[in-house]
Each structure stands twice: as C-alpha cells, then as structure tokens.
Amino acid sequence: MFVSSACPNTNDPVAGTGDGLPQNLCSNECLPPMPSNEPGAIPADDTSVVPPPKTSSGGDPHFIGFSQKVVTFQGECTLILLDSPAATAMGDDVTVHVRTSRKLDFSYISRVAMKVGNHVFEIKPDATIFLNGKLISEDSSISGLPFIWKKEIKGTKHLIVSYSFDLGQKRMINIRANKRSNMMFVSTKGHFPEATKGMLGSPGHTELVSRNGKNLSDITVNTYGESWQVKDVDLQLFMEPLGPQYPQKCLYEDAPGATSQLRGHRRLLEKKVITLEEAKEVCSNVPNAMKRALCIQDTIAMGDLEIKDDPFYLEC
C-alpha cells in the first residue's frame, strides 16, 4: 500500500530525477490550485479560475483523487469509486463501483459498473459492455439515454477498448478495458458536485476522507479503502456479486485455489523479472513525474513491459 501527494520525491531512485525538486512535467507547477472552502482558498463553487480536475484509477491499483492525492489499495473487494448526486445535465445521480482482484503480489481493477439515473452499465475485462443486464452488441441501437457515449480503440496494439460517457456540464467519465492484460482503468474529468464522495474523495477537499469522515492522514490506507467497500445498504450494481461481500472484509492475500482473470495466468505464476533499469527505459516517455514513478512500480510488480500503453500513465 502506498499514499502520497501527486508530486513525488524526485530524489527517489524510482520516482525522480535526483535533483530534489518536486516536478509535474505536464506544467510548470506541481499542482493547480484546488477549489476549497478553506480560508484564503479559491471558493469551491468558483470553477472559472482553475482547470477541470481529473481523477484516474488503475494499475496496481492506484486511485488519484480530486485532491490529486494518490492511494494504492491492494485489497480484493467491491468499492464505491464515485457517488455523485445530480452530476448530469439532466440532474441524474451518477455512481461508479469497481471490483478489485488480487494476483500474486499485486491487485488490479477487474470490473467496472456505473449507474446513471435508471441506467446501469457494466463493463468486463474483455471489453464486453452490458446495459441494464443486456449485452450491447456492435450493431446495437440505443436511444433515450440522458448522456452521450462512444467507443474507441486505443493503444499501440489496438487492444485497449475505451468507453467515454459525456454527462454534460463538461463532465466526463472514461472506462477502459485492456483486452491483452484484462486490467481495467477509470478516469474522470470536470467539476463534479461538491457532495461527490467515494475512493476518489470529494471536490473542494484537499484530503481524502473516509466514509465516516476521517481524513486519510489519520487512518491507514487499508482502513480508508475498507470504508468504501460496498455494503448491503448501498446500491448493488454488478450483475453477479463476487466475494468477498460485506460483511466479509476485503482480502489482502490470494484465497486458496483462487484463479485470476488476467491473461497469461500460467505465465504470470512465473512472472518475468524486470529490472529497475528496464522499467525506467520503457516508462521514459511518460511525461508526468508522478505517473512515471507509478509506471515503473507497476511494470516491475506485474512483470509487464507493455503496461505503459494505457492512457492512465500517459495523460497528465
């Protein structure tokens, strides 16, 4: 488990360049100013003077929230990634749940479900997509949705399937499935309502806050992640519930006899040993210093030289 701000210590042999100065190579400053209700800060409802905040989730998996704080949560369970009231132009609530699974000594997002108003999408790691329990085929014609969505193919080998959902009011949610690795990624862009909550935190807050209102700085990463485990009183978005289900706690070790959805499962049981130098080389084109550090860490942990292809690492 790991938690940090979005700017790494650049003296770190993995994260940095060794000059001791925090960097964000996508801009001249480490972080843009965050709207906040704190004295002297930009008012939380003033979105005109700051760029639209972005969040992203994926990899080992890392959750980069609205505050740009990074949490690496390696438990296996179903989590509330984002719960945002009246987030669409039509005033519909938006909820996103992710399923995290364990594999050897790392974890990953293995499924994503999203509810917008009365519509529930579920996207599986092979990129199949369901709407309200029914498979959407390539030639499906869907009307009456309170938002616009589109499918794109990305990646150097065209194996990343991207689904973008335009909620209106310049708010976007993007869900991606890597058909080679069966890993999934989620990102958001835009000024979401201040009442938004979940693993990604809340807009206008400089800290990540657990379900019971405690700052991450006061609790462990595992406690923080477990607080956002989907409970029996929460919406149940996935078509098939997967264990552990609340009140069972998140798992931090592979269950006996457990199988993985990751492709190359047998090969990964004897995963390739990748050196720090090799990981640095393949991640050298990642422009953002913090994401370059995550790319290096994930490349080594997963024994995968192609993990860098996902926009999670390449986008600032």
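Test each condition in (1) under 20 Å from Phe63 (Cα atoms); (2) hydroxyl-bearing (Ser, Thr, Tyr); (3) modelled with pLDDT under 90 for Thr259 and report the one that comes out false.
Answer for Thr259: the failing condition is (1).
Which members of region 203-229 meet the condition of being crowded, with 22+ Cβ neighbours inside 10 Å and part of a loop (DSSP other than H, G, I, E, B)?
Listed by number, the residues that qualify are Pro203, Gly204, His205, Leu208, Trp228.
Which pairs have Cβ atoms under 6 Å, sit 6 or more apart or on different chains, and link a residue in region 104-131 that is in contact (Cβ under 8 Å) with a residue 40 or more places away in the chain to one that is open to solvent by 10 Å² or more (accessible area, probe 1.4 Å) and among the acidic types (Asp, Glu)?
Phe106/Asp60; Val116/Asp92
Let's see how each residue does on (1) in a loop (DSSP other than H, G, I, E, B); (2) open to solvent by 10 Å² or more (accessible area, probe 1.4 Å); (3) closer than 17 Å to Ile175 by Cα:
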{"position": "Gln68", "(1), (2), (3)": "yes, yes, no"}
{"position": "Val71", "(1), (2), (3)": "no, no, no"}
{"position": "Gln74", "(1), (2), (3)": "yes, yes, no"}
{"position": "Thr78", "(1), (2), (3)": "no, yes, yes"}
{"position": "Leu82", "(1), (2), (3)": "no, no, yes"}
{"position": "Ala89", "(1), (2), (3)": "yes, yes, no"}
{"position": "Ser110", "(1), (2), (3)": "no, no, yes"}
{"position": "Met114", "(1), (2), (3)": "no, no, yes"}
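Taking region 81-115, which residues are among the polar types (S, T, N, Q) and more than 21 Å from Ala177 (Cα to Cα)? Quick ask: steps written out before the conclusion?
Within region 81-115, the first condition is being among the polar types (S, T, N, Q), and the residues that meet it are 84, 88, 95, 100-101, 107, 110.
Across region 81-115, the qualifying residues are Ser84, Thr88.
Suppose we filter region 116-165 for residues that are among the aliphatic types (A, V, I, L, M), buried (at least 19 other Cβ atoms within 10 Å of the Cβ) and either over 23 Å from the mean Cα position of the chain (by Cα) or closer than 13 Å to Arg176 by Cβ (or both); how many remain?
Residues of region 116-165 that are among the aliphatic types (A, V, I, L, M), as a first pass: 116, 120, 123, 127, 129, 131, 135-136, 142, 145, 148, 153, 159-161.
Right, trim to buried (at least 19 other Cβ atoms within 10 Å of the Cβ) and you get 116, 120, 123, 127, 129, 160-161.
Now drop any that are not either over 23 Å from the mean Cα position of the chain (by Cα) or closer than 13 Å to Arg176 by Cβ (or both), which leaves 123, 127, 129, 160-161.
So the answer is 5.
For the condition at pLDDT 90 or above and either touching a Ser or Thr at 6+ places or on another chain (Cβ under 8 Å) or surrounded by fewer than 18 Cβ atoms within 10 Å (Cβ to Cβ) (or both), what is the one hit in Lys271, Lys280? Step through it out loud before you land on a result.
Numbers: Lys271 fails: at pLDDT 90 or above.
Residue meeting the stated conditions: Lys280.
The values are calculated or read from the model by the stated rules, or taken from the named source; none is laboratory data. Values in this document were obtained by computation on a predicted structure and should not be read as measured data. Every residue, glycine as well, gets a Cβ built from its backbone with ideal geometry; the counts of neighbours run over all protein chains shown. What goes into the accessible areas is simple: the full protein's heavy atoms, side chains included, and nothing from ligands, DNA or RNA. Shrake-Rupley method; radii C 1.70, N 1.55, O 1.52, S 1.80 Å.
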